[in-house]
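One structure is given here, and the rest of the page talks about it.
The values are calculated or read from the model by the stated rules, or taken from the named source; none is laboratory data. Here the structure is a predicted model, which is why all the values come from computation and not from measurement. Cβ placement follows ideal geometry from the backbone for every residue including glycine, while neighbour counts extend to all protein chains displayed.
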Amino acid sequence: MDFQSEEPDDMSHTLLVQWTIKPRIAPRPWLACNRCRTVRPFEPSGKTRLNANGRRLDAWLIYRCSGCDSTWNRPIFERRHIRDIDPATLHALQNNDGAWIEKVSFDLDGLRQNAGRIEEFAEVHVEKTILNPAAASSLRVEIVLGLAMKTSLRTERLLSMELGLSRKRIAMLEEAGRVATTPLGRNTLRRSVKDQMRITIDLAGEADRNAILSRAGP
Ligand SMILES: [Zn+2]
């Protein structure tokens, strides 16, 4: 085996990192507020309501108007028979489970079923872990994305923020065929980040390669 090889396919020349991404701000529905007499953003209060009517239950996530604290109840389910409710969901509702409530607050698809206009936020917290450390001669970085919840953040914006690269430079690397994504797709960098997505950037010959590689890790 030739250990001097700088063959770019060699895993020992790839810094492999995992980025776990969590959005910071829950999406806000814009709703007509009766008290404010205008359309306002509503924010999740972190509280739920559970109502029983015989064997049928209603559950809501409570939102508050950002202008006046009026509430809006977002249905989680309505008039559902107790036998049709997932036991874990029922347990979370009965115990005010904070982690579960947070997950529902960030559930964009669920919110879309009850609100027409939704304000999304691209601010995220990125936790970086090294899966395979960089050799001194690392030429590439491979990033595995993990998304706890959906976010509207675009892939190129994430790379720009976290690796300290301008969008122009990312575009130049992309044009030179030095950025690869899995799954493949046209314009992937301009779309929102996806769970399990992998991004590989070939940094061979870049003068600030080591600085970029160090920003890719924790
Ligand atoms: Zn209001």
Q) Are any residues in the stretch 174-200 of a type in the set (Asp, Glu) and either touching a Lys or Arg at 6+ places or on another chain (Cβ under 7 Å) or not in a loop (DSSP other than H, G, I, E, B) (or both), and if so, which ones? A) GLU174, GLU175
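From ALA135, ALA122, ALA204, which residue is modelled with pLDDT under 90 and within 18 Å of VAL17 (Cα to Cα)? Spell out the reasoning first.
Working: ALA122 fails: within 18 Å of VAL17 (Cα to Cα); ALA204 fails: modelled with pLDDT under 90.
Criteria check complete, one pass: ALA135.
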Q. Across the stretch 79-104, which residue is surrounded by the most Cβ atoms within 10 Å (Cβ to Cβ) among those that are among the β-branched types (Val, Ile, Thr), free of Cβ contacts under 8 Å to residues at least 40 places away in the same chain and not in a loop (DSSP other than H, G, I, E, B)?
A. THR89
Q) Are there any pairs with C-beta distances below 8 angstrom linking a residue in the stretch 62-78 that is away from the ligand (no atom under 15 Å from the Cβ) to a residue that is modelled with pLDDT of 95 or more and among the acidic types (Asp, Glu), with the two at least 6 apart or on different chains, and if so which? A) PRO75/ASP58; PHE77/ASP58; GLU78/ASP58
Q | Single residue of ARG24, ARG55 found to be away from the ligand (no atom under 16 Å from the Cβ), under 30 Å from LYS128 (Cβ atoms) and surrounded by fewer than 14 Cβ atoms within 10 Å (Cβ to Cβ) | A | ARG24
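Do the conditions hold for ILE170, that is, is it touching a residue at least 40 places away in the same chain (Cβ under 8 Å) and surrounded by 11 or more Cβ atoms within 10 Å (Cβ to Cβ)?
Numbers: touching a residue at least 40 places away in the same chain (Cβ under 8 Å): no; surrounded by 11 or more Cβ atoms within 10 Å (Cβ to Cβ): yes.
No, not satisfied.
Determine, yes or no, whether ALA59 is hydrophobic (A, V, I, L, M, F, W, C), over 30 Å from GLY217 (Cα atoms) and free of Cβ contacts under 8 Å to residues at least 24 places away in the same chain.
Working: hydrophobic (A, V, I, L, M, F, W, C): yes; over 30 Å from GLY217 (Cα atoms): yes; free of Cβ contacts under 8 Å to residues at least 24 places away in the same chain: no.
For ALA59, the condition - hydrophobic (A, V, I, L, M, F, W, C), over 30 Å from GLY217 (Cα atoms) and free of Cβ contacts under 8 Å to residues at least 24 places away in the same chain - is not met.
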Q. Any idea which of ASN53, ASN73 is more than 15 Å from ASP107 (Cβ to Cβ) and out of contact with any Phe, Trp or Tyr (no Cβ under 9 Å at 6 or more places or on another chain)?
A. ASN53
